[in-house]
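Student: My questions all concern the structure below.
The values are calculated or read from the model by the stated rules, or taken from the named source; none is laboratory data. The shown structure was predicted, so the numbers you read here are calculated from the model rather than taken from an experiment. Note that we place each Cβ from the backbone using ideal geometry, even for glycine, and neighbour counts take in every protein chain shown.
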């Protein structure tokens, strides 16, 4: 029976449990609470075995020894194989993480682009010949790091994996992947795709464990680079572990994205355009627009139009193309969202739309749905304005002038993304420059390309995914200095023309 066919198994408590002497974990469909599949609950000893396999493939396998042309060709083949199996991947990810299949198809259809982009960077890669004083030829070479760990979240499992995996493989590294224990299925489905493309055994290894596996992976002495997408505290612990052995670290962590809307914008158009920032992926995105800072002259109209748009969003089965929003990932996550919205009520805010668990038909009532929610009459001091919600909740706060808007946007420990909505492009660029965030969109949101470096500052993380910056960070740079003059420099024999 396929994973999709098995997605209606009766629900039971979700926890690791012993089965035939091996620890396994149930993977749940968040739209109905039913078990999709059971997967191994890998622990620290399994991490050691996976890293050992990856190290053996790096030290004695064929992958790092391939020419750049051969590796680039393999990445292009992987991209083709992913496209060939794309429909099954769309459906599987929609079932596993609850995002509507229309959203999932739009996102996963771009996954092959990352493999093609990094294949192109590899094929076009040049290293420098550096200027030298005296009779020397100085040039640079790049070499793979070794074993790289990629730890991915539940919200965009395939896309976030593709960003780092394609760059790691392009540079000749071997990889150990730990997807979220909540959404491992498309990562597992990628393994036969990689095999069909011809990737050698041991180059990519997958672990389906929870926090103990992730902790061991970040601490493992044979892991040369850790790429992690997750919560800020998880990232902080991983960064400390990597720093102890001077391993490289890229971390995309939490966010509290401000969306600044100026009064030269049409309130209705801005609300409808910016609603994507708040409600895509049911708000379960690190760059979700959860803080809408709206200039006072259009504040009431903006709230009205955003609330109207939120009330029109169709909740339902993620497999149904008519569905516009699926469930949250788990009951625990929904409880967190409920608690934060309740705190806003208690602090004096107004729930302009949503703010409740919907009543849905049939098995969907057992899912982890939450209505798209708009909170108005909020202030920057409220919890919902300061804490990451990770749910379909937009908090709308008024401001008076540009300086206040920038100050409010920057009044947060996070710095991942931001949005600016204005028809005054000079002001748009000025405000984008003043906001402290790794990415800023003007009159749009969450637009991404393989060439655009993705990552934040402050407590939103370190390093970049995608772009040349990510590609280069999966290799180390060696400088070679060659004396090209005849004879040797005899410093102690009186030849002291050396410059150092």
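Student: Give, as residue ranges, the helices (runs of 4 or more DSSP H) completely inside the range 80-133 that count at least 2 residues that are farther than 19 Å from residue 475 by Cα and more than 20 Å from the chain's Cα centre (by Cα).
Tutor: Working: elements: 86-97, 101-108, 111-124.
So the answer is 86-97.
Student: If you don't mind, there's one more thing I want to ask. Considering only residues that are surrounded by fewer than 18 Cβ atoms within 10 Å (Cβ to Cβ) and either assigned to a helix (DSSP H, G or I) or under 22 Å from the mean Cα position of the chain (by Cα) (or both), which ones fall in the range 54-75?
Tutor: 56, 59, 60, 68, 69, 70, 73
Student: Take the range 328-355 and flag every residue that is touching a residue at least 12 places away in the same chain (Cβ under 8 Å), within 24 Å of residue 396 (Cβ to Cβ) and touching a strand residue (DSSP E or B) at 6+ places or on another chain (Cβ under 8 Å). It would help to see each step written out before you state the result.
Tutor: Applying the first criterion (touching a residue at least 12 places away in the same chain (Cβ under 8 Å)) to the range 328-355 yields 328-331, 333-334, 336-338, 340-341, 343-344, 347-355.
Filter once more, keeping what is within 24 Å of residue 396 (Cβ to Cβ): 328, 333-334, 336-338, 340-341, 343-344, 347-355.
Selection gives 337, 340, 341, 344, 349, 350, 351, 352, 353, 354, 355.
Student: Quick check on the range 359-391: of everything there that is touching a strand residue (DSSP E or B) at 6+ places or on another chain (Cβ under 6 Å) and within 30 Å of residue 35 (Cβ to Cβ), which residue is modelled with the lowest pLDDT?
Tutor: The residue in question is 389.
Student: Considering each of 285, 290, 237 in turn, give the residue that is assigned to a strand (DSSP E or B) and either touching a residue at least 40 places away in the same chain (Cβ under 8 Å) or under 19 Å from residue 151 (Cβ atoms) (or both). If you could, list the steps in order and put the result at the bottom.
Tutor: On the way: 285 fails: assigned to a strand (DSSP E or B); 237 fails: assigned to a strand (DSSP E or B).
After applying the criteria, what remains is 290.
Student: Residues to consider are 315, 293; find the one that is at pLDDT 95 or above, in contact with a helix residue (DSSP H, G or I) (Cβ under 6 Å, 6 or more places away or on another chain) and at negative phi. Before the answer, list the steps.
Tutor: Working: 315 fails: in contact with a helix residue (DSSP H, G or I) (Cβ under 6 Å, 6 or more places away or on another chain).
One residue alone meets the criteria, 293.
Student: Oh, and also: Answer yes or no: is there a residue in the range 223-245 that is surrounded by fewer than 20 Cβ atoms within 10 Å (Cβ to Cβ) and closer than 26 Å to residue 75 by Cα.
Tutor: no
Student: Name the residue that is surrounded by the fewest Cβ atoms within 10 Å (Cβ to Cβ), counting only residues in the range 417-436 that are in contact with a strand residue (DSSP E or B) (Cβ under 7 Å, 6 or more places away or on another chain) and under 16 Å from residue 292 (Cβ atoms).
Tutor: Ranking the candidates gives 435 first.
Student: Suppose the filter is surrounded by 15 or more Cβ atoms within 10 Å (Cβ to Cβ) and either in the same structural domain as residue 370 (by TED's automatic domain parsing) or under 30 Å from residue 91 (Cβ atoms) (or both); does residue 348 pass it?
Tutor: Numbers: surrounded by 15 or more Cβ atoms within 10 Å (Cβ to Cβ): no; either in the same structural domain as residue 370 (by TED's automatic domain parsing) or under 30 Å from residue 91 (Cβ atoms) (or both): yes.
For residue 348, the condition - surrounded by 15 or more Cβ atoms within 10 Å (Cβ to Cβ) and either in the same structural domain as residue 370 (by TED's automatic domain parsing) or under 30 Å from residue 91 (Cβ atoms) (or both) - is not met.
Student: Any idea which of (1) in a loop (DSSP other than H, G, I, E, B); (2) touching a residue at least 12 places away in the same chain (Cβ under 8 Å); (3) out of contact with any helix residue (DSSP H, G or I) (no Cβ under 8 Å at 6 or more places or on another chain) is the one residue 486 doesn't satisfy?
Tutor: (2)
Student: Quick one: which residue in 165, 194 is closer than 19 Å to residue 61 by Cα, surrounded by fewer than 23 Cβ atoms within 10 Å (Cβ to Cβ) and at pLDDT 95 or above? Step through it out loud before you land on a result.
Tutor: On the way: 165 fails: surrounded by fewer than 23 Cβ atoms within 10 Å (Cβ to Cβ).
Of 165, 194, the one residue that is closer than 19 Å to residue 61 by Cα, surrounded by fewer than 23 Cβ atoms within 10 Å (Cβ to Cβ) and at pLDDT 95 or above is 194.
Student: For the range 153-197, how many residues are over 20 Å from residue 94 (Cα atoms), part of a helix (DSSP H, G or I), touching a residue at least 60 places away in the same chain (Cβ under 8 Å) and more than 15 Å from the chain's Cα centre (by Cα)?
Tutor: The total comes to 6.
Student: Being farther than 24 Å from residue 282 by Cβ and touching a strand residue (DSSP E or B) at 6+ places or on another chain (Cβ under 8 Å) narrows it down to one of 169, 188, so name that one.
Tutor: Working: 188 fails: farther than 24 Å from residue 282 by Cβ.
From the options 169, 188, the qualifying one is 169.
Student: Is it the case that residue 202 is assigned to a loop (DSSP other than H, G, I, E, B) and in contact with a helix residue (DSSP H, G or I) (Cβ under 6 Å, 6 or more places away or on another chain)?
Tutor: Numbers: assigned to a loop (DSSP other than H, G, I, E, B): yes; in contact with a helix residue (DSSP H, G or I) (Cβ under 6 Å, 6 or more places away or on another chain): yes.
Here the answer is yes, as residue 202 does meet what is asked.
Student: Separate question: Which residue pairs have Cβ atoms closer than 6 Å, lie 6 or more positions apart in sequence or on different chains, and pair a first residue in the range 62-73 that is without any contact (Cβ under 8 Å) to a residue 24 or more places away in the chain and assigned by TED's automatic domain parsing to the domain that holds residue 144 with a second residue that is buried (at least 16 other Cβ atoms within 10 Å of the Cβ) and part of a helix (DSSP H, G or I)?
Tutor: none
Student: Here is a further query. Answer yes if at least one residue in the range 264-284 is surrounded by fewer than 19 Cβ atoms within 10 Å (Cβ to Cβ), outside the structural domain of residue 173 (by TED's automatic domain parsing), touching a helix residue (DSSP H, G or I) at 6+ places or on another chain (Cβ under 9 Å) and farther than 30 Å from residue 102 by Cβ, and no otherwise.
Tutor: There is at least one residue in the range 264-284 that is surrounded by fewer than 19 Cβ atoms within 10 Å (Cβ to Cβ), outside the structural domain of residue 173 (by TED's automatic domain parsing), touching a helix residue (DSSP H, G or I) at 6+ places or on another chain (Cβ under 9 Å) and farther than 30 Å from residue 102 by Cβ.
Student: Any idea how many residues of the range 318-340 are in a helix (DSSP H, G or I) and either touching a helix residue (DSSP H, G or I) at 6+ places or on another chain (Cβ under 7 Å) or not assigned by TED's automatic domain parsing to the domain that holds residue 387 (or both)? Before the answer, list the steps.
Tutor: The initial filter retains those residues of the range 318-340 that are in a helix (DSSP H, G or I), namely 331-340.
Among the residues that remain, those that are also either touching a helix residue (DSSP H, G or I) at 6+ places or on another chain (Cβ under 7 Å) or not assigned by TED's automatic domain parsing to the domain that holds residue 387 (or both) are: 340.
Residues that pass the stated criteria total 1.
Student: Pairs needed: first member in the range 294-305, without any contact (Cβ under 8 Å) to a residue 40 or more places away in the chain and in the same structural domain as residue 396 (by TED's automatic domain parsing); second member anywhere, in a strand (DSSP E or B) and buried (at least 23 other Cβ atoms within 10 Å of the Cβ); C-beta distance under 9 Å; at least 6 residues apart or different chains.
Tutor: Here the result reads 298/261; 300/376, each pair linking the range 294-305 to a residue that is in a strand (DSSP E or B) and buried (at least 23 other Cβ atoms within 10 Å of the Cβ).
Student: Quick one: would you say residue 230 is within 18 Å of the chain's Cα centre (by Cα), modelled with pLDDT under 95 and in the same structural domain as residue 89 (by TED's automatic domain parsing)? Lay out the reasoning, then the answer.
Tutor: Values: within 18 Å of the chain's Cα centre (by Cα): yes; modelled with pLDDT under 95: yes; in the same structural domain as residue 89 (by TED's automatic domain parsing): yes.
The answer is yes for residue 230.
Student: Would you mind telling me which numbered condition in (1) at pLDDT 95 or above; (2) surrounded by fewer than 23 Cβ atoms within 10 Å (Cβ to Cβ) residue 329 fails?
Tutor: Going through the list (1) at pLDDT 95 or above; (2) surrounded by fewer than 23 Cβ atoms within 10 Å (Cβ to Cβ), residue 329 breaks only (2).
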